[in-house]
Amino acid sequence: MHPERVGLPAAPYATNGLPLPWETPPPVQAGEVPAWVRAALDAAPPEACDDVIRQATDILLAADPETDITAVLRAALG
């Protein structure tokens with residue numbers, strides 16, 4: 001694979017059978033969501049971004065229904 005051609009960071013995903021960043025299971029703890037979102041969205045193709053954001057939203061709202069999702073995502077991606 002040629003990472004520079006497909007827009008993925010160079011990593012041993014295929015060689016070691018590792019999941020791609022956006023395919024890794026989301027964290028259980030809301031405090032870990034921003035770092036996971038950032039890593040997943042940095043590497044995800046456009047068609048996977050909605051799913052990553054949906055999963056993050058579900059985790060954050062489950063932890064605190066009053067969470068300002070937009071603010072958390074802005075901070076994670078800022």
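The values are calculated or read from the model by the stated rules, or taken from the named source; none is laboratory data. For clarity, every value in this text was computed on a predicted model and none was experimentally measured. All Cβ positions, glycine included, derive from the backbone under ideal geometry; neighbour counts span all protein chains shown.
Is it true that residue 22 is buried (at least 16 other Cβ atoms within 10 Å of the Cβ), modelled with pLDDT under 90 and assigned to a helix (DSSP H, G or I)? I'd like the intermediate steps shown before the answer.
On the way: buried (at least 16 other Cβ atoms within 10 Å of the Cβ): yes; modelled with pLDDT under 90: yes; assigned to a helix (DSSP H, G or I): yes.
Here the answer is yes, as residue 22 does meet what is asked.
Condition (residue is in a loop (DSSP other than H, G, I, E, B) and either of a type in the set (Asp, Glu) or in contact with a Gly (Cβ under 8 Å, 6 or more places away or on another chain) (or both)) applied to the stretch 51-61: is it met by at least one residue?
Going residue by residue through the stretch 51-61, those that are in a loop (DSSP other than H, G, I, E, B) are none.
No, the stretch 51-61 contains no residue that is in a loop (DSSP other than H, G, I, E, B) and either of a type in the set (Asp, Glu) or in contact with a Gly (Cβ under 8 Å, 6 or more places away or on another chain) (or both).
In the stretch 33-50, is there at least one residue being part of a helix (DSSP H, G or I) and in contact with a Lys or Arg (Cβ under 9 Å, 6 or more places away or on another chain)? Steps first, please.
Residues of the stretch 33-50 part of a helix (DSSP H, G or I): 33-43, 46-50.
Subset that is in contact with a Lys or Arg (Cβ under 9 Å, 6 or more places away or on another chain): none.
Taking every residue of the stretch 33-50 in turn, none turns out to be part of a helix (DSSP H, G or I) and in contact with a Lys or Arg (Cβ under 9 Å, 6 or more places away or on another chain).
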